[in-house]
Amino acid sequence: MSELIIRNVWKEYGDQIVLESVSLTVESRAFVALVGPSGCGKTTFLRILLGQEQPTRGTILVDGDPIPTEPGRDRGVVFQRYSVFPHLTVLGNVLLGKEFSNSRRIAKLFGVARRNAVEEARELIAEVGLSGAEQKYPAQLSGGMQQRLALAQALFMKPKVLLLDEPFGALDPGIRSEIHTLMKRLWHETQMTVVMVTHDIREAFTLASRVVAFERRRDRPEEKQRYGATITKDISIWPPRLAGVPSKFSPDRDGPINSLGYHRDDPALSGE
Amino acid sequence: MRWINIKPSRGTQVILLLLPFVLIIVAYTMGSVARLTENPNDKLLPSLAGFADAINRVAFLPDPRTGEYLLWSDTAASLIRLFAGLGISTLTALLLGMAIGMLPYLRALLSPFVAVISMVPPLALLPILFIVMGLGEVSKIALIVIGVAPTMIRDLTLKALELPREQIIKAETLGGSSWQIALRVVLPQVLPRIITCLRLQLGPAWLFLIAAEAISSDSGLGYRIFLVRRYLSMDIIFPYVVWITLLAVVTNYILDRVRIAVFPWSELEKQA
Ligand SMILES: Nc1ncnc2c1ncn2[C@@H]1O[C@H](COP(=O)(O)OP(=O)(O)OP(=O)(O)O)[C@@H](O)[C@H]1O
Ligand SMILES: [Mg+2]
């Protein structure tokens, strides 16, 4: 369960109105893609959902409760860049969340607790196609591998809501389609609700169960300051995509995926 | 080919590296020979044999008055002061720098204060230190700390602030508390920086140490140089200066090696 209710949210920076009267109800386990022209406030909206920014007006509820005013464990995030920690190995990056929650004082696990967490982390690392790279640092990974690592790191904490800000924007098309397959499978298998910002309309329609467009209603230069963006289109994909339910119409395209096979940017089999 | 694209080979590199040093020695020898032929008792530019004799005296023969091997006892006295000063500065910088960089309240309180303090010329405080703390070790170590700590604090604050906001947010979504984020995300990433910062502060630290020793001391490399100045003993001053330089160069090199060995990822990041 992780329903998101956004009621009449406004966001202003000083004089500039960025978002105006945004209202949206996202049902549990939906996959919402946010699209819109550059600078219209998609990232701002995601930051508000994350708790990094507070709305100027309006309320946001997760499962009926107002969202906390700072980021927390219930909402995972993957940014376009800087989502992984450069000083930790792949394994260290994935483990970090568990170490935070299971070791309040020193945030480090030892002995049996660590072995169990490592085992769990390795499974997830394999699932995102990074097995063999556990001991590598992010600087030694390709862009696509780093984003998969960021996904694994966020998913390890089993967030209710996963927020993605153009997570695959910097990847080349081949790697992107592989990561789409992975994303789709993870969405089907986990319990989370996904909100993803993207510039790629095709990506939006390939992955999402619902595509929401943000736009300024008035966009003449002299009006830019005074009018914010709001939801102008809200398209539910038809036939409906439901998390965990195979699609009746095009199962290979929309249904849960079982096996992934090899990836283009998998760690080389030769070892290094 | 353009000049910016012409690169020396390995062998040429070594020759080029040695060239300035060889040139200095040759120029010095020529000058020294010229002066000594004119006046064999000239003290300004002693011959190389004169240096060898003086080094033998201070390094390998006990001082007739105290029975100590002067070069080594001076080195020990100076290094203890230097490392005590740098150690205290490093610890202070680490604690304060991180705290100021991470906590907005502490930043508002201390950031302008540290900026002002770092502008006070430390040598102007030396008389006050001597009056308040006496002429012993404490005032000398305090001078080094006052001289280098503010810069180090500011540098570390900047580094902590430079960490991409996304990383801190990500750590929050993984459930990290302020303390845990400081410990596992910020601290490991500022440690390599403090080593680099320490290397850059070696020069100023030696400066303050020698200044303090010159004014009031009964041992130390700076003390010795200023003592023998009265007898125009260039044959001792020059080797001492070279020795101090050598100590600084070696410390600098070791610190960089330590950084690469302990934080391998920091070197990867540089190349990436
Ligand atoms: N901290 C801030 N202070 C002032 N204005 C801001 C701030 N953050 C964002 N803005 C403004 O809000 C508007 C929306 O920015 P935002 O980053 O949300 O756009 P976006 O839709 O994500 O754009 P893009 O698609 O290019 O990423 C911009 O006009 C920007 O100038
Ligand atoms: Mg954006």
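The values are calculated or read from the model by the stated rules, or taken from the named source; none is laboratory data. None of the values given here were measured: they were computed from a predicted structure. Reconstructed Cβ throughout: ideal geometry from the backbone, glycine too, with neighbour counts over all protein chains shown. The protein model used for the area step is the full one, side chains on, heavy atoms only, and it has no ligands, DNA or RNA in it. Shrake-Rupley method; radii C 1.70, N 1.55, O 1.52, S 1.80 Å.
When the Cα positions of B:1, B:239, B:209 are compared along the charge dipole of chain B, B:1 comes out farthest toward the positive end, with charges on each C-beta of Lys, Arg, Asp and Glu. Projecting the Cα atoms of A:59, A:107, A:35 onto the charge dipole of chain A (Cβ charges, centred on the Cα centre) puts A:59 farthest toward the positive pole. Label chain B by shape, choosing from rounded, prolate and oblate, from the square roots a ≥ b ≥ c of the eigenvalues of the Cα gyration tensor; if a/c is under 1.5 it is rounded, and otherwise prolate applies when a/b is larger than b/c, oblate when it is not. Cα axes put chain B in the oblate bin. Rounded to the nearest 20 debye, the dipole size of segment B:1-89 about its Cα centre is 520 debye, using +1 on the Cβ of Lys and Arg and -1 on the Cβ of Asp and Glu. Solvent-accessible area of residue B:28, all protein chains in place: 50 Å² (probe radius 1.4 Å, heavy atoms, ligands and nucleic acids excluded). A Cβ-based charge dipole, computed about the Cα centre of segment A:83-158 with Lys and Arg at +1 and Asp and Glu at -1, lands at about 300 debye. Here the Karplus curve 6.51 cos²θ - 1.76 cosθ + 1.60, taken at θ = phi - 60°, turns the phi angles of segment B:201-216 into couplings of 8, 4, x, x, 4, 4, 4, 5, 4, 5, 4, 5, 5, 5, 7, 8 Hz, with x standing for Gly and Pro. Residue B:133 contributes an accessible area of around 90 Å² to the protein surface, as traced by a 1.4 Å probe with all chains present. At the residue level, residue A:82 shows approximately 100 square angstrom of accessible surface with a 1.4 angstrom probe and all protein chains present. Legend: calculated FRET efficiency, residue B:106 to residue B:30, from the Cβ-Cβ distance at R0 = 41 Å, rounded to 0.05, equals 0.10. For segment B:185-194, putting each phi into the Karplus relation 6.51 cos²θ - 1.76 cosθ + 1.60 with θ = phi - 60° gives couplings of 10, 7, 3, x, 8, 8, 4, x, 5, 5 Hz, in residue order, rounded to whole numbers and with x for Gly and Pro. On a 0 to 90° scale, report how tilted helix A:143-155 is relative to the longest principal axis of chain A, with both axes built from alpha carbons and the result rounded to the nearest 10. Tilt relative to chain A: about 90 degrees.
Centroid-to-centroid, using Cα positions, segment A:107-141 and segment B:1-79 are 54 Å apart.
How much net charge surrounds residue B:92 when only other residues with a Cβ under 13 Å from its Cβ are counted (Lys, Arg +1; Asp, Glu -1)?
0
With a 1.4 Å probe rolled over the protein heavy atoms of all chains, the accessible area of B:235, B:218 falls in the order B:218, B:235, largest first. Helix B:122-133 axis versus longest C-alpha principal axis of chain B: approximately 90°, rounded to the nearest ten.
Spin-label model, residue A:119 to residue B:56: label points 7 Å out along the Cα-to-beta-carbon direction sit 7.2 nm apart.
Restricting the count to DSSP beta bridges whose residues both fall in the protein assembly as shown, what percent are antiparallel, rounded to a multiple of 5? Spell out each step's value before the answer.
On the way: 21 of 39 bridges.
The antiparallel proportion sits near 55 percent.
In plain terms, the chain from residue B:214 to residue B:256 could stretch by 12.1 nm, reckoned as 0.36 nm per residue minus the Cα-Cα distance. Shape class for segment B:21-103, computed from the alpha carbon gyration tensor (a ≥ b ≥ c): oblate, with a/c not under 1.5 and a/b at or below b/c. 3J(HN,Hα) along segment A:196-203: 10, 8, 8, 9, 9, 4, 5, 4 Hz, from the Karplus curve 6.51 cos²θ - 1.76 cosθ + 1.60 with θ = phi - 60°, whole Hz, x for Gly and Pro.
Taking springs between alpha-carbon atoms closer than 10 angstrom, which of B:47, B:78, B:177 fluctuates most in the Gaussian network model of chain B? Highest fluctuation among the options: B:177.
Loop-located trypsin sites (Lys or Arg not before Pro) across segment A:33-105 with a Cβ neighbour count of 16 or fewer within 10 Å are A:81, A:104, A:105, with loop assigned by DSSP.
Among the trypsin sites (Lys or Arg not before Pro) found in segment B:39-107, those both in a DSSP coil and sparsely packed, with 11 or fewer other Cβ atoms within 10 Å of their Cβ, are B:65.
A 1.4 Å probe over all protein chains sorts A:85, A:205 by accessible area into A:205, A:85, starting with the largest.
Label positions at residue A:61 and residue B:80, each projected 7 Å from the Cα along the C-beta direction, are separated by 7.1 nm.
Based on Cα atoms of segment A:83-158, Rg over Rh with Rh as the Kirkwood radius reads 0.95. Net charge in the neighbourhood of residue A:47 (other residues with Cβ under 12 Å of its Cβ; Lys, Arg +1, Asp, Glu -1) is 0. For residue A:36, the residues 5 or more places off, or on other chains, whose built amide H falls under 5 Å of its own are A:214. Per residue of chain B, the DSSP helices (runs of n ≥ 4 H) give a summed -39500 (n - 2.57) that works out to -26000 deg cm²/dmol at 222 nm.
The charge dipole of the protein assembly as shown, taken about its Cα centre with unit charges on the Cβ of Lys, Arg, Asp and Glu (plus for the first two, minus for the last two), comes to roughly 300 debye. The C-alpha atoms of chain A define a longest principal axis, and helix A:111-127 lies at about 60 degrees to it.
Is the C-alpha gyration tensor of chain A telling us rounded, prolate or oblate? Criteria: a/c under 1.5 is rounded; beyond that, a/b larger than b/c is prolate, otherwise oblate. Prolate, because a/c is 1.5 or more and a/b exceeds b/c.
The tail of the calculated P(r) for the protein assembly as shown beyond 38 Å holds 49 percent of all Cα-Cα pairs. Among the listed pairs A:184/B:170; A:160/B:170; A:136/B:270; A:108/B:159; A:98/A:160; A:136/A:184, those with a Cα-Cα distance over 18 Å are A:184/B:170; A:108/B:159; A:136/A:184. Shown is the FRET efficiency for residue B:119 and residue A:232, computed with R0 = 51 Å from the Cβ-Cβ distance and rounded to the nearest 0.05: 0.40.
Please work out the C-alpha center-to-center distance from segment B:136-169 to segment A:171-198 and express it in whole Å. Between the Cα centres of segment B:136-169 and segment A:171-198 lies a distance of 43 Å.
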